[in-house]
Amino acid sequence: MNELIWIVPLLPLLGFVFIGALRNYLPHWLVSLVGCGTVLAAFIASVALFSNVYSARMVGGTGEITQELFTWISVSDFQVSFRFLVDPLSAIMLLIVTGIGFLIHLYSTSYMHKDPGFAKFFSYLNLFIFFMLLLVLGSNYLVMFIGWEGVGLCSYLLIGFWYKNTNYAKAAKKAFVMNRIGDLGFLIALFFMIAHFGTLEFAGVLGQAKLMVSGDSTLLIITLLLFVAATGKSAQIPLFTWLPDAMAGPTPVSALIHAATMVTAGIYMIARSNIMFTLSPITMQVIAIIGVATAVVAAFIALTQNDIKKVLAYSTVSQLGYMFLGLGVGAFTGAFFHVLTHAFFKALLFLGAGSVIHAMSDEQDMRKMGGLRKALPVTFATMLIGTIAIAGIPPFAGFFSKDEILAYAFVENPLFWVLGLAGALMTAFYMFRLLFMTFSGSFRGTESQKSHLHESPWPMTAALIVLAMLSVIGGALNVPEALHGHHWLANFLSPVFADSTALSVPFSLDHTTEYLLMAVSTVAAIAMAAIAYRRYVKSTPRAEKAEQDRGLLYKLSYHKLYVDETYELLITKPLNGLASTFKKADVKLVDGLVNGVGKVFLSAGNGIRHLQTGHVSFYIFMMVLGVAGIMLYGFIAQLIER
């Protein structure tokens, strides 16, 4: 199997080509079979690769498997190979991308069944899986960058899938432009790597980087540029506003791209480059500060949003902030652990929201829902599990991964822990608010919607059940020593982070303090759930009153801190004004000058052509005038010479 790594990305690519080329002729069942089947086959191949890596790790090996397909660029001593790398880090990512990707494909067969663009949707999904696998499997930064750009393109196509809606098309354009800003950082970082290291291979770059001194200015520049790229792809301050708008795309897209896979690419890239970041303490501080700020700001905005997908979108931004906080404080395993658990419960929550929207005839406003628990029992039960998991209540998956990040944050700087805890409390509140507004109380929709309420078909509920099970048991992958765990994930990933671990101060926190931190975060999360219950379930009049409360903080949260308006005022309008000025200068000055010269000669030609009359006598007359003119010229010239 090690020689057949290329099959993993090839399968979804073939699915894209087949469905895309024949999309107007294929029946739905065949589109579903090819779309799901290729991703399922890629998942099976990924499991085989993971098994090989696991076996190697069990006997003390690094578990690295490489496969070179061909030499891509060869200029003098500089060479870039199209090569794949499977190691513990990419092996787990393969399982996430193909495993959750398959569940979302399966879910989509029902969710998108009535959409006229059914085949086109599946071709885009398969193309996305291909590029995401390319990003994960690349053994150098250039192949990773191709995948990085490819998933950005697919994100644009899928956000604007219903492009006839102008607002959806604008959301797709916004995501595309904001991601390009970050991508410019990635591109410049590549040039710096070529100039300094002479290679783009991970082994070459990271192998040379680990010999450099901490605080080296070249590493500082490269890591800051890579972090700029990560802020765009993973929606961090200041490039986070595209992600909530990306909810314009179909819900399975929100689950696959904007929760479980693409948005975690920034975390994956930094984890892959960990030694360069470890040797750049300033960059690490910047990452930690941006991460915790994003976690708190996004959680604050999510508190008052009423669109069920927007709440989850801001929640994703906030959880990504926790992952960056983990990276910034050196908890590389903890950050990646949260990538893993977040993929389970956030995909579950988005698909659950899709199930609700499906039952509510495309209604997304939670104020018009309520009382759906009996009509959608499977959706309710699974979303309850997802809510508990993301709230950080043990023993569900989110508790273990978030707790590990907060523990490292506490050791690095107690202020990070306080802010992280504040974000966690808000997370518990807005998620239980979402759950209670949607499933509890009385139904607030229309009679037509009420008559249409029903549980989703089995392909949708099956995906929910599997993800719910993973959200329950996922935390067992890295139970801390304080809870008698053995850090399985940390041990499995240890070769990837070995160089950083050797240079870092060992994590040290006595068990008593660790128990105390766990207890505080758990009790606080349960308390916030209780407050949400009392506010939105216990007393319906109070719930209505709560939604009518329009204090300053409420307005700031509800209007998303006016970030979009600020960008519009400070960036969009000035740039539009500048573009308008250049357009006028182009049309009136440049075009006017060029066209004016042409008009002069055109007019001259029009005037001169009147001399061509066709009368011989006129031509003789003009010839005589010409000869007379020449003679006159000669006579005057002689007079001047004298």
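The values are calculated or read from the model by the stated rules, or taken from the named source; none is laboratory data. Everything numeric here is computed off the predicted structure, so don't read it as measured data. Please note: Cβ atoms are built from the backbone with ideal geometry, for glycine as well, and neighbour counts cover all protein chains shown. Heavy atoms of the whole protein, side chains included, go into the accessibility calculation; ligands, DNA and RNA do not. Shrake-Rupley method; radii C 1.70, N 1.55, O 1.52, S 1.80 Å.
When peptides 59-70, 14-25 are sorted by average Cβ neighbour count within 10 Å, with the highest value leading, the order is 14-25, 59-70. With a Förster radius of 35 Å applied to the beta-carbon distance between Val505 and Ala203, the computed FRET efficiency rounds to 0.85. How would the range 561-619 be classified by its alpha-carbon gyration tensor: rounded, prolate or oblate, with rounded meaning a/c under 1.5 and the a/b versus b/c comparison settling the rest? The shape class here is prolate. Considering the options Phe18, Phe439, Ala397, tell which one lies farthest towards the positive end of the dipole of the chain, charges being +1 on Lys and Arg and -1 on Asp and Glu at the Cβ, about the Cα centre. Of the listed residues, the answer is Phe439. Under the convention that each Lys and Arg Cβ holds +1 and each Asp and Glu Cβ holds -1, the size of the dipole of the chain around its Cα centre is about 2140 debye. Here is the P(r) of the range 254-355: all C-alpha pair distances, binned every 5 Å from 0, give 3, 14, 23, 23, 18, 10, 6, 2, 1, 0 in whole percents. Ligands, DNA and RNA left out, the 1.4 Å accessible surface of the range 104-184 is 66% carbon and sulfur atoms. Shape class of the range 386-456 from the Cα gyration tensor (axes a ≥ b ≥ c, square roots of the eigenvalues): prolate, since a/c reaches 1.5 or more and a/b is larger than b/c.
Loop-located trypsin sites (Lys or Arg not before Pro) across the range 262-341 with a Cβ neighbour count of 15 or fewer within 10 Å are lacking, with loop assigned by DSSP. Expressed as a whole percent, the accessible surface of the range 473-585 that belongs to carbon and sulfur atoms is 65, based on a 1.4 Å probe. Using the Cβ-Cβ distance between Glu68 and Lys170 with R0 = 35 Å, the FRET efficiency computed as 1/(1 + (r/R0)^6) comes to roughly 0.25. Peptides 167-180, 377-390, 461-474 ranked from most to least packed by the mean count of surrounding Cβ atoms within 10 Å: 377-390, 461-474, 167-180. With a ≥ b ≥ c the root eigenvalues of the C-alpha gyration tensor of the range 333-386, is it rounded (a/c under 1.5), prolate (a/b larger than b/c) or oblate? Taking the square roots of the gyration eigenvalues as a ≥ b ≥ c, the range 333-386 is prolate. Using the Cα centre of the chain as origin and beta-carbon charges of +1 (Lys, Arg) and -1 (Asp, Glu), tell me which of Gly60, Gly423, Ala172 is placed farthest towards the positive end of the dipole. Farthest towards the positive pole: Ala172.
The residues packed around Met144, meaning those with a beta-carbon under 13 Å from its beta-carbon, carry a net charge of 0 if Lys and Arg are +1 and Asp and Glu are -1. Excluding ligands, DNA and RNA, the accessible surface per residue across the chain is 43 Å² with a 1.4 Å probe. Taking a sphere under 10 Å around the Cβ of Ile390 and counting the other residues whose Cβ falls inside, with K and R at +1 and D and E at -1, yields a net charge of +2.
Run the dipole for the range 297-430 about the Cα centre, Lys and Arg Cβ at +1, Asp and Glu Cβ at -1, nothing else charged, and hand back the magnitude in debye, nearest 20.
Here the range 297-430 has a charge dipole of around 340 debye.
Across the options Val34, Ala209, Val597, the greatest Cα extent toward the positive end of the charge dipole of the chain (unit charges at beta carbon of Lys, Arg, Asp, Glu) belongs to Val597. Taking the C-alpha atoms only, the angle from helix 458-473 to the longest principal axis of the chain is near 60 degrees. Per residue, the convex hull spanned by the Cα atoms of the chain measures out at 263 cubic angstrom. Magnitude of the charge dipole for the range 396-533, about its Cα centre and with charges confined to Cβ atoms of Lys, Arg (+1) and Asp, Glu (-1), is about 580 debye. For the chain, the 222 nm mean residue ellipticity estimated from helices alone, with every DSSP H stretch of n ≥ 4 adding -39500 (n - 2.57) and the total spread over all residues, rounds to -22500 deg cm²/dmol. From most to least packed by mean Cβ count within 10 Å, the peptides 26-32, 299-305, 246-252, 580-586 give 246-252, 299-305, 26-32, 580-586. Taking the protein heavy atoms of the range 208-346 in the context of the full set of protein chains, the accessible area attributed to carbon and sulfur is 71 percent at 1.4 Å.
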